[in-house]
Amino acid sequence: MLVAPNSVIGIPTETKEGLSTTIIQQAGSILLDVEKRNVKHFEVETPYLAAVVKGTQFRVSVNRTGTSVDVLRGAVEVADFKSGKFAMVLPGQMARVSAQAKADCL
């Protein structure tokens, strides 16, 4: 995990059932390279969306206007907290959820 300057991340005190790792990201940008497994085992949760992966390389960016997830390798399932919509994001694609409006790409 590479954490950009001025990023705010944390680890929850309780683990979620079925997930071995959860990162809570409040601001900034992180680049993750997650080990490939046959099950969903890693999640990044932001104020606007959750990104759950089996194994991939992806970037999550959070600012006051929303959150974006772009995938470099593998696939990431992204879920919008407001609408409940979800999408599978593939390499070269991006999902973006605005703090004010509906999801741009979900």
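Quick notes on this structure:
- Tally, over region 46-62, of residues that are surrounded by fewer than 21 Cβ atoms within 10 Å (Cβ to Cβ) and closer than 13 Å to Gly28 by Cα: 3
- Among the residues listed as Thr56, Thr21, Thr13, Thr67, the single one being among the hydroxyl-bearing types (Ser, Thr, Tyr) and out of contact with any strand residue (DSSP E or B) (no Cβ under 8 Å at 6 or more places or on another chain): Thr13
- The condition (being within 13 Å of Val60 (Cα to Cα) and open to solvent by 30 Å² or more (accessible area, probe 1.4 Å)) is satisfied by just one residue among Ile9, Ile30: Ile9.
- Subset of region 82-99 [open to solvent by 70 Å² or more (accessible area, probe 1.4 Å) and part of a loop (DSSP other than H, G, I, E, B)]: Lys82, Lys85, Leu90, Pro91, Gly92, Gln93
- Answer from Glu35, Glu17, Glu77 - the residue that is of a type outside the set (Ser, Thr, Tyr), modelled with pLDDT of 90 or more and open to solvent by 30 Å² or more (accessible area, probe 1.4 Å): Glu77
- Enumeration of residues in region 31-74 that are among the basic types (Lys, Arg) and within 19 Å of Ser98 (Cα to Cα): Arg59, Arg64
The values are calculated or read from the model by the stated rules, or taken from the named source; none is laboratory data. Bear in mind the structure is a predicted one, so any value in this text is a computation, not a measurement. Positions of Cβ are generated from backbone atoms using ideal geometry, with glycine treated the same way; all protein chains shown enter the neighbour counts. For accessibility, only protein heavy atoms count, side chains too; no ligands or nucleic acids. Shrake-Rupley method; radii C 1.70, N 1.55, O 1.52, S 1.80 Å.
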